[in-house]
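Derivation of every value follows stated rules applied to the coordinates shown; laboratory data play no part. All of these numbers come straight from a predicted model, not from anything done at the bench. Neighbour counts run over all protein chains shown; Cβ positions are idealised from the backbone, glycine included.
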Amino acid sequence: TRPFQVAIDGPAASGKSTTAKMVAQRLGFDYIDTGAFYRCVTLAALSKGIDPSKPSQASQISNLAQSSQIGLKTVFSNSSSSLPTTRVFLDKKDVSSDIRTETVSKHVSAVAAIGPVREAVLQKVRDMGATSASTSQESNSGRAGLVMDGRDIGTVVLPNADLKIFLVADSRVRAERRLQELAKSGRKEEGLDLETVQKDLERRDELDRTREASPLRKADDAVELDTSHLTIEGQVDAIVQEVYRRQ
Ligand code: C5P
């Protein structure tokens, strides 16, 4: 049997990656953060002095997406209370923090809207999914599995996923969480306030929802989970239970 696939989609800062990582840790599944791929391409473009907001740069950015080598390494912990960490590598360099700055966040949706960039990333993500499946061990729950998070996992990347989750949360709540996360990890840029973060999240969601190439959309067979009033443990539990039900 192929590994059990969990697809987690949703708007920016809805808690996808934290949830996905914790679900993977609880079940002994692999984890792939697909947003990191688009962030890497954005970082690569910015560091070459390319302005992703200029449509004329699309083909240069697509070339970068093809030629960039992107790697992920998730370190799980034995204790269920501590969060797994994912290191992200762009052309062998550890860019885990560099891809999380507000500057990269601001430009990433424009990059992710470029069709050929999505094709290049899709290929890389599928290759990584296939490799992880072939090397992964039997998990805690018996069957090997994979948790992937992003915007188009249930609709495009893993259309036959065994479980599809669509996470939503009020944009104010998401902005508060994002600001806290940035502050906690020392990545909050000076003067950045709640209003600005909320506006940026809403702008990014709008771009992600209205773009032509695989827009952010809940798959017809996805389970919607509103996390506005849930704790992270609560949402992880809900998903883990759903996996057990379907295995
Ligand atoms: O999840 P994260 O915030 O890191 O994703 C960054 C951006 O990458 C999103 O705002 C979206 O534009 C893009 N993305 C995407 N498809 C995915 C994952 C991310 O378009 N599967």
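Rg and Dmax of the stretch 4-246, Cα atoms, in Å?
Both quantities, over Cα of the stretch 4-246: 17.0, 50 Å.
Specify the angular offset, from 0 to 90 degrees and rounded to the nearest 10, of the alpha carbon long axis of helix 102-112 from the longest principal axis of the alpha carbons in the chain.
80 degrees
Between the DSSP loop rule and a limit of at most 10 other Cβ atoms within 10 Å, which trypsin sites (Lys or Arg not before Pro) in the stretch 58-165 are left?
Lys92
Test of understanding: in a Gaussian network model of the chain with alpha carbons linked when under 10 Å, which of Ala213, Ala24, Ala112 would top the mean-square fluctuation ranking?
Looking only at Ala213, Ala24, Ala112, the largest GNM fluctuation is found for Ala213.
Tilt of helix 16-27 relative to the longest C-alpha principal axis of the chain, in degrees (0 to 90, nearest 10)?
Orientation of helix 16-27: about 30 degrees from the principal axis.
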